[in-house]
Amino acid sequence: MQNIVILGSTGSIGESALKLLKDFPREFKVLGLSTRANVELLAKQVKLFNPEYVSINDLAAVVRFKKLLKGRSNVKVYEGMDGLLAMLEDKRIDRVLLAISGAQALLPLLKIIRQGKIVALANKEALVACGELVMQEARKFKSLIIPVDSEQSAIWQCLRGQESRYLNKIYLTASGGPLKDKSAAALKKITVKEVLKHPRWKMGKKITVDSATLMNKGLEVIEAMHLFKVKAQNIEVVIHPEAIIHSMVEFRDKVILAQLSDTDMRFPIQYAFTYPERMANNLKPVDFFKLKSLNFAAPDMKKFPCLGLAYTAAQDAGTMPCVLNAANEICVDCFLRGKLKFLGIPQVVEKVLTRHKNFLHPDLPQILEADNWARCEAKKIIGG
Ligand code: MG
């Protein structure tokens with residue numbers, strides 16, 4: 001029996017994880033859950049899984065949560081970021097699924113790592129902003145980071161039992177997002193509603209917008225650099241609309257290994273929970289005869305400049321990836337609130353990157369400062 005904590009349990013990944021854990025009641029115990037403010041769903045999850053404790057980031061939501069439970073549950077409640085970090089000190093925790101979105105996952109991630117626990121990492125922004133330091137700490141504290149992002153999980157699985165020095169390049173696959181086939185003119189007046197209709201994956205809003213701009217793939221390039229110690233120029237993005245191949249690795253003898261499964265996040269989540277074991281499940285197998293063909297294309301970097309911006313930030317290294325990510329988080333938020341046009345996202349991110357004075361090999365305070373600076377700068381450029 002393993003003790004699991006899920007951070008961000010009310011998000012799309014958190015929900016998929018709980019759906020999966022329901023099928024393994026003897027293998028896993030849900031010890032703790034967390035949400036930013038969705039206490040209505042959290043209360044339902046508490047009734048179903050009976051965790052010992054929860055953490056709620058938003059203080060007003062804590063009051064609502066206590067009212068919802070009306071004293072019927074003795075679940076312990078941790079409040080705010082300090083509460084969340086304190087919750088993670090429980091020595092009985094075996095694995096933590098980190099499924100909070102955005103750079104706010106950084107402090108919890110470092111906390112889990114510094115306790116030498118296993119992290120099932122679904123968040124990519126923390127690794128993008130602070131990859132060098134995160135990987136350093138993981139080595140120092142012997143914490144294992146198992147990626148949950150479907151592409152990184154695929155690469156991780158393809159590399160099991162292989163020596164990393166034989167790795168030639170990584171093919172990072174991308175469905176292409178909901179706007180793949182739109183013309184450049186159509187992109188000018190694209191609406192939030194159109195962007196949120198993703199053809200393959202049902203995900204949270206932030207990552208769905210990132211999929212549409214291809215920033216998501218850009219962040220994944222940076223994530224893969226850190227996880228697998230590969231240079232950006234050795235990572236190639238391939239558009240693969242069926243989203244059946246979740247990524248591939250090529251070795252120096254030009255042999256390629258790919259990982260395939262049906263398009264369901266429960267596959268990478270399960271592997272991150274059960275690794276190094278594989279467990280039988282109720283998920284759908286790939287049906288090749290129904291699929292018939294798999295397609296591949298190069299990404300259109302002109303139509304989707306965010307991918308190119310991410311490659312540049314990756315090569316510049318230092319605080320640039322952190323600035324890229326922070327500016328993008330502000331832009332996505334403004335886009336979702338109708339304060340910025342779709343094509344404004346790459347424009348603002350590029351401006352912020354141009355204005356940034358890069359720091360190489362930053363420490364945590366420098367990262368946090370660059371993050372804060374980039375957010376202010378992006379807000380200034382967008383205005384209002
Ligand atoms: Mg992904």
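The set of residues in the range 120-150 that are open to solvent by less than 20 Å² (accessible area, probe 1.4 Å) and either more than 16 Å from Leu98 (Cβ to Cβ) or assigned to a strand (DSSP E or B) (or both) comprises Ala120, Leu121, Ile145, Ile146, Pro147. Among the candidates Leu219, Leu179, the residue that is farther than 25 Å from Arg266 by Cβ, open to solvent by less than 10 Å² (accessible area, probe 1.4 Å) and not β-branched (Val, Ile, Thr) is uniquely Leu179.
Rundown of residues vs (1) within 19 Å of the chain's Cα centre (by Cα); (2) of a type outside the set (A, V, I, L, M); (3) at pLDDT 95 or above, yes/no style:
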position	(1), (2), (3)
Phe304	no, yes, yes
Ala310	yes, no, yes
Ala327	yes, no, yes
Leu336	yes, no, yes
Gly344	no, yes, yes
Lys351	no, yes, yes
Thr354	no, yes, yes
Asp371	yes, yes, yes
Gly384	no, yes, no
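Is it true that Asp300 is acidic (Asp, Glu), under 19 Å from Thr213 (Cα atoms) and exposed (fewer than 15 other Cβ atoms within 10 Å of the Cβ)? Taking the combined requirement at face value, the residue satisfies it. Checked against the criterion of being among the small types (Gly, Ala, Ser) and away from the ligand (no atom under 13 Å from the Cβ), the candidates Ala174, Ala122, Ala126 yield just one match: Ala126.
If the condition is being of a type outside the set (A, V, I, L, M) and away from the ligand (no atom under 13 Å from the Cβ), then the range 203-250 contributes Lys205, Thr213, His226, Phe228, Lys229, Lys231, Gln233, Asn234, Glu236, Pro241, Glu242, Glu250. Exactly one residue among Arg64, Arg72 is more than 23 Å from Leu121 (Cα to Cα), part of a loop (DSSP other than H, G, I, E, B) and open to solvent by 10 Å² or more (accessible area, probe 1.4 Å), and that residue is Arg72.
Please tell me if Phe335 is aromatic (Phe, Trp, Tyr) and either free of Cβ contacts under 8 Å to residues at least 24 places away in the same chain or assigned to a helix (DSSP H, G or I) (or both).
It is true that Phe335 is aromatic (Phe, Trp, Tyr) and either free of Cβ contacts under 8 Å to residues at least 24 places away in the same chain or assigned to a helix (DSSP H, G or I) (or both).
Select from the range 185-202 the residues that are open to solvent by less than 50 Å² (accessible area, probe 1.4 Å) and either within 11 Å of the ligand (Cβ to nearest atom) or among the β-branched types (Val, Ile, Thr) (or both) and write down the one among them that is modelled with the lowest pLDDT.
Applying the filter and picking the extreme gives Trp201.
Every residue, every condition in (1) out of contact with any Phe, Trp or Tyr (no Cβ under 6 Å at 6 or more places or on another chain); (2) part of a helix (DSSP H, G or I); (3) on the phi > 0 side of the Ramachandran plot, yes or no:
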| residue | (1), (2), (3) |
| --- | --- |
| Lys254 | yes, no, yes |
| Ile269 | yes, yes, no |
| Pro276 | yes, no, no |
| Met279 | yes, no, no |
| Lys284 | yes, no, no |
| Lys303 | yes, no, no |
| Leu307 | yes, yes, no |
| Pro321 | yes, yes, no |
| Asn325 | yes, yes, no |
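All conditions but one from (1) surrounded by fewer than 16 Cβ atoms within 10 Å (Cβ to Cβ); (2) farther than 21 Å from Ser101 by Cβ apply to Asp316; the one that does not is (1).
The values are calculated or read from the model by the stated rules, or taken from the named source; none is laboratory data. In this text the structure is predicted, and so the values were computed from the model without any measurement. Heads up, the Cβs are rebuilt from the backbone with ideal geometry, glycines too, and the neighbour counts pull from every protein chain shown. For accessibility, only protein heavy atoms count, side chains too; no ligands or nucleic acids. Shrake-Rupley method; radii C 1.70, N 1.55, O 1.52, S 1.80 Å.
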